[in-house]
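Trainee: To start, I am sharing the structure in question, which I have written as structure tokens.
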Amino acid sequence: MKLDRSVITISTTNENRGFFKLLDSIRPNYISFSQYLGMAANEYHSNHKEGVAKITDFTNKDTSVTPMYYSEIEMWRKYLDKMPKSEIKKFQKRHTQLGNIINKKIQGMIG
């Protein structure tokens, strides 16, 4: 595909028409469909790199990908040992955010 042109054509089929309609239904009015399609491609690329942890991974029953939330702590230790260094800080940030939410909830229950 030659993407260095300013105009390219995308064909729709019965299989992909619904995807395009769904994307268009959530697109803000001030953003063109082309720009939004590009943004969706960028988001997909950013969130589907090798080793990137996603919150949906925690619902995956295949614990070789990501341990289930209440898995044995040793499984979590092994998972973190294999995690790329670039992802550990993101994981720690999410862990802290969840801890803050839980602490506020507990304080509300006590107070």
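Trainee: Ser34: net charge of surrounding residues, Cβ under 13 Å, Lys/Arg +1, Asp/Glu -1, itself excluded? Intermediate values should be presented prior to the final figure.
Mentor: On the way: positive: Arg5, Arg27; negative: Asp24.
Here the count lands on +1.
Trainee: I would also like to ask the following. Along Cα→Cβ, 7 Å out, is where each label goes; now give me the distance between the ones at Ile110 and His48 in nm to one decimal.
Mentor: Taking the simple label geometry, Ile110 and His48 are separated by 4.5 nm.
Trainee: Simple spin-label model, 7 Å along Cα-to-Cβ: Ala41 to Phe19 in nm?
Mentor: It is 1.2 nm.
Trainee: A follow-up question, please. What is the gain in length, in nm to one decimal, between Asn100 and Met75 on full extension, counting 0.36 nm per residue of separation less the C-alpha to C-alpha distance?
Mentor: Values: separation 25, 0.36 × 25 = 9.00 nm, distance 2.40 nm.
Stretched fully, the Asn100-Met75 segment lengthens by 6.6 nm.
Trainee: Moving on to the next point. So, in nm, how far is label Ser11 from label Lys82 when the simple model puts each one 7 Å beyond its Cα toward the Cβ?
Mentor: For the pair Ser11/Lys82, the computed spacing is 4.1 nm.
Computed from the coordinates by the stated procedures, all read-outs in this text should not be read as laboratory data. These figures come from a predicted structure and were not determined experimentally. All Cβ positions, even for glycine, are placed from backbone atoms using ideal geometry, and neighbour counts span all protein chains on display.
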